[in-house]
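Structure first, commentary second.
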Amino acid sequence: SLDPVEQHKDAKRLLEDFDGILSLYWIDDDLHVRWMCTADDRQDYIGHPLPPGPRHAAVKRARDTGRFTFTPVLTLLHGETGFVGYRPTVSRQGEMNGCAAAIFRLNMILDAIAADRRHIGFDFSVSDAENNQEVFSSSHAPTPDPAMVVASKLDLRGLHWQFNVWPTAQTVAG
């Protein structure tokens, strides 16, 4: 176990290296925030309970399975779209004692994928399959002909997304 100063330094480095992570925190077994690390060093949620709803369900899944679990896509506090991942933590005695959590910015992660030059010639969108709502699109062009769209579902420990991929107008024009 790291001392608190080293733990905070490691968390800050992770936030600096991965723009898609908004904050890291730890919640105890009673679902209260006990530790947090943000880019702006806010500490205002320490001692507060985890908001009810999808976060509680994801923590329960993480506890029940002992595995990393995600919330569905959420509107984060500042209006950004994102999701939260929870990983159960275990005490030195081997007992589950809470969850480590990371808040991910959806657009930062998907913008990075869209900017990857390997995807040139194609556009894509991501929909939250639970709510049948588009949460990201790499293009502002009109919706393509459905015959040109290839869809694939991703179900990953609480995330239920549908990826739609289609050729850009320039690719079709050849």
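The values are calculated or read from the model by the stated rules, or taken from the named source; none is laboratory data. Only a predicted model underlies this, so the values are computations on that prediction, with no experimental measurement involved. Here the Cβ is made from the backbone with ideal geometry for all residues, glycine too, and neighbour counts use every protein chain on show. Quick note on the areas: whole protein, heavy atoms, side chains included, nothing else; ligands and nucleic acids left out. Shrake-Rupley method; radii C 1.70, N 1.55, O 1.52, S 1.80 Å.
The residue that is most open to solvent (accessible area, probe 1.4 Å), among those in the stretch 115-133 that are touching a strand residue (DSSP E or B) at 6+ places or on another chain (Cβ under 7 Å) and hydrophobic (A, V, I, L, M, F, W, C), is Phe122. Filter the stretch 134-152 down to the residues that are in a strand (DSSP E or B) and surrounded by 11 or more Cβ atoms within 10 Å (Cβ to Cβ) and list them by number. If the condition is that a residue be in a strand (DSSP E or B) and surrounded by 11 or more Cβ atoms within 10 Å (Cβ to Cβ), then Glu134, Val135, Phe136, Ser137, Val150, Ala151 are the ones that fit. Within the stretch 98-148, track down each residue that is more than 16 Å from the chain's Cα centre (by Cα), without any contact (Cβ under 8 Å) to a residue 60 or more places away in the chain and closer than 20 Å to Phe68 by Cβ. The answer is none; no residue qualifies.
Here the condition is being without any contact (Cβ under 8 Å) to a residue 12 or more places away in the chain and among the aliphatic types (A, V, I, L, M); of Val90, Val59, Val73, Val84, it holds for Val90 alone.
So which pairs qualify, if the first residue must be in the stretch 1-20 and at negative phi, the second must be of a type in the set (D, E, K, R), the Cβ gap must be under 6 Å, and the two must be at least 6 apart or on different chains? Every condition considered, the pairs that remain are Gly20/Arg105. Is at least one residue of the stretch 42-51 β-branched (Val, Ile, Thr) and closer than 28 Å to Asp111 by Cβ? Looking through the stretch 42-51, none of the residues is β-branched (Val, Ile, Thr) and closer than 28 Å to Asp111 by Cβ.
If you go through the stretch 120-171 and keep only what is hydroxyl-bearing (Ser, Thr, Tyr) and out of contact with any helix residue (DSSP H, G or I) (no Cβ under 8 Å at 6 or more places or on another chain), you end up with Ser125, Ser127, Ser137, Ser139, Thr143, Ser152, Thr168, Thr171. Restricting attention to the stretch 49-71, the residues that are under 14 Å from the mean Cα position of the chain (by Cα) and of a type in the set (Asp, Glu) total 0.
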